[in-house]
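The next block holds one structure in the form of structure tokens; read it before the comments.
The values are calculated or read from the model by the stated rules, or taken from the named source; none is laboratory data. Keep in mind it's a predicted model, so treat the numbers as computed, not measured. No Cβ is skipped: glycine too gets one built from the backbone with ideal geometry, and neighbour counts run over all protein chains shown.
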Amino acid sequence: MADQQELPEGTLQNLLDQETLKWVFVGGKGGVGKTTCSSILSILLSRVRTSVLIISTDPAHNLSDAFQQRFTKIPTLVDGFTNLYAMEVDPTVEHEDVGVSDGMDSMFSELAGAIPGIDEAMSFAEMLKLVQTMDYSVIVFDTAPTGHTLRLLQFPSILEKGLAKVMSLKNKFGGLFSQMSSMFGMGDELAEDALLGRLEGMKDVIERVNMQFKDPDMTTFVCVCIPEFLSLYETERLVQELIKFEIDTHNIIINQVLYDDEDVESKLLKARMKMQQKYLDQFYMLYDDFNVTKLPLLPEEVTGVEALKAFSSHFLTPYQPASSGDPVERLERRISTLRKQLNEAEAELERLKSS
């Protein structure tokens, strides 16, 4: 890969240019702006792809807040778009979809509950089955914080272990299975189909998708972080886990970066900038072969389609702080800012004197 240090700044243009991409995961520590980044990425992809689906797998769904539109577990067209869909998935088993009798359903629940992580894995498999029946050009995952994301990547092995455990129970207690199935008024074959068929079907789906996840032409993982120690640590942990799972990752978004603009007079902000610069240097040193995209900290939240579209320009063109302009213009802007601050302070002083 080309040396990123030769480039002024990285951008996410590489994701738009990679036409073979089918799955794009966006993840990182909580509170770093994953939902905003994944939402903007899906908007940018919708400009170059026939159809895009963005899925939130975070239990604390923020996708509805980002787009200011209510989403459910059914893909819904995002307002203002003709080819961008969104859905929010809860990581719990939806037993109403099992399609067997109440007695069999509760027995299935008990078995599922005995295997750690199987409920989430099955829920994820159900969602992937649903997604695969629809023909989306690319699917963007707005994932839960790092720990949940790593569990999500372990689901194929969890399902495999779950299936093996159920099969061993069946072999040990075959007679009991038969008795229970006759108690619920079903033949042996139907009972086995209900219990094992569903797990087997899910395992097939998730294994097929898992092969795609490990194909760098089809899948990539975008790590979102902020220039602070804990976020740097979490990002490194995430990158190492992705390497272990053989999942491609070559894009890092560093969000909420403070720039030394001409109107920054605050000692606190200047101290934060100095601290951030230390971690930015470490990010560039650790990930010199990654596309590292820096995004500025804004004074307001980026919510609503128009705000997301406006902010999206920074994903494709490196942000230029006002301080990088002509020195005379910078000084004039600084004087203008100071005058405004002085006028506001004088007005406040007069208000306090007269009260």
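Tabulated results
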{"item": "Filter result for the condition that a residue is outside any strand (DSSP E or B) and under 30 Å from Ser336 (Cα atoms), over Lys270, Lys278", "result": "Lys270"}
{"item": "Restricting region 135-150 to residues that are touching a Ser or Thr at 6+ places or on another chain (Cβ under 8 Å) and among the small types (Gly, Ala, Ser), the residue that is modelled with the highest pLDDT", "result": "Ser137"}
{"item": "Residue in region 308-322 that is of a type in the set (Gly, Ala, Ser) and modelled with pLDDT under 75 present", "result": "yes"}
{"item": "Close pairs (6 angstrom Cβ cut-off, 6 or more residues apart or separate chains): touching a residue at least 60 places away in the same chain (Cβ under 8 Å) and part of a loop (DSSP other than H, G, I, E, B) in region 291-315, crowded, with 16+ Cβ neighbours inside 10 Å and hydroxyl-bearing (Ser, Thr, Tyr) anywhere", "result": "Val302/Thr36"}
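Residue by residue, here is whether (1) on the phi > 0 side of the Ramachandran plot; (2) part of a loop (DSSP other than H, G, I, E, B); (3) in the same structural domain as Asp135 (by TED's automatic domain parsing); (4) modelled with pLDDT under 90 holds:
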site: Ser38; (1), (2), (3), (4): no, no, yes, no
site: Ser42; (1), (2), (3), (4): no, no, yes, no
site: Leu53; (1), (2), (3), (4): no, no, yes, no
site: Arg70; (1), (2), (3), (4): no, yes, yes, no
site: Phe81; (1), (2), (3), (4): no, yes, yes, no
site: Tyr85; (1), (2), (3), (4): no, no, yes, no
site: Asp90; (1), (2), (3), (4): no, yes, yes, yes
